[in-house]
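Below: the structure, in structure tokens.
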Amino acid sequence: MIMNPTAIKHVVVDGHSLTLESFVAIARYNATVELAPSALEAMKKSRALAEKIAAEGRVAYGITTGFGEFQKVAVPKEMSNQLSTNLILSHCTATGDPYSEEVVRGMMLLRANALCGGVSGVRPILVEMLLEMLNKGVTPVVPEGLSRLLRRPGSSRSHDAPHARQGRGHVRGREDARC
């Protein structure tokens with residue numbers, strides 16, 4: 001059943017059933033969004049597996065190795081947190097006029113929806129934070145002039161949300177909102 005996006009006030013995301021109408025309702029019309037309990041459980045299981053792999057020292061892309069050209073470079077356990085921070089920072093280099101809030105909200109929603117499918121190994125708090133930012137009207141400023149790195153197919157542009165969360169970026173929205 002196709003609905004008018006303006007009629008949709010609340011959406012539950014699970015990583016599998018986001019519709020175009022629901023997407024527009026959230027990105028354009030500020031419908032509220034929440035995480036499905038099944039998605040939370042899937043993310044917890046995925047994260048537990050990622051942590052098990054790391055604890056065992058098994059070779060796994062992005063968990064115990066670098067990314068891209070550095071996929072064959074082992075990352076010592078004590079550097080794993082720095083690896084995540086460096087990945088976020090590397091995706092936050094850009095210049096130019098900012099995308100509209102609607103476009104950035106859409107990016108944030110698509111990333112949250114993809115991550116809550118439970119196959120990435122991310123901590124659930126990342127998705128919860130993205131959804132909280134959407135619900136509170138806090139939108140990162142994302143320049144249109146993306147770096148060469150971000151123009152590659154498959155690169156995520158919504159890493160600016162965690163970057164802003166780290167206190168290193170800029171956001172638009174309610175000044176009183178706390179995420």
Open item on the list: I need the per residue convex hull volume for region 3-152, using only the alpha carbons, in cubic angstrom as a whole number.
Closed with: 113
Task: Computed label-point distance, nm, for sites VAL141 and SER17 using a 7 Å Cα→Cβ extension - done: 3.9
TODO: Could you check what % of the DSSP bridge pairs in region 2-160 are antiparallel, to the nearest 5?
DONE: 50
Open item on the list: Please list, by residue number, every one of the trypsin sites (Lys or Arg not before Pro) in region 1-69 that is coil in DSSP and has at most 11 other beta-carbon atoms within 10 Å.
Closed with: LYS9, ARG58
Open item on the list: I need the calculated FRET efficiency for the pair ASN81 and GLU41, taking r as the beta carbon distance and R₀ as 30 Å, to the nearest 0.05.
Closed with: 0.75
Open item on the list: Test of understanding: ordering ARG172, ARG111 by Cβ neighbours within 10 Å, fewest first, what list do you get?
Closed with: ARG172, ARG111
TODO: Neighbouring Cβ atoms within 10 Å as the yardstick, rank VAL104, VAL141 fewest first.
DONE: VAL141, VAL104
Open item on the list: Based only on other Cβ atoms within 10 Å, what is the fewest-to-most ordering of CYS92, CYS116?
Closed with: CYS92, CYS116
Task: Calculated FRET efficiency for the pair ARG172/LEU89, C-beta based, R₀ 22 Å, to 0.05 - done: 0.60
- [ ] Can you tell me the FRET efficiency between VAL122 and LYS72 if r is taken as the Cβ-Cβ distance and R0 is 30 Å, rounded to the nearest 0.05?
- [x] 0.85
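Where a number appears in this text, it was derived from the coordinates with a stated rule and is not lab data. Being a predicted model, the structure only gives us computed values, none of them experimental. Ideal geometry is used to build each Cβ from the backbone, glycine not excepted, and the neighbour counts take in all protein chains shown.
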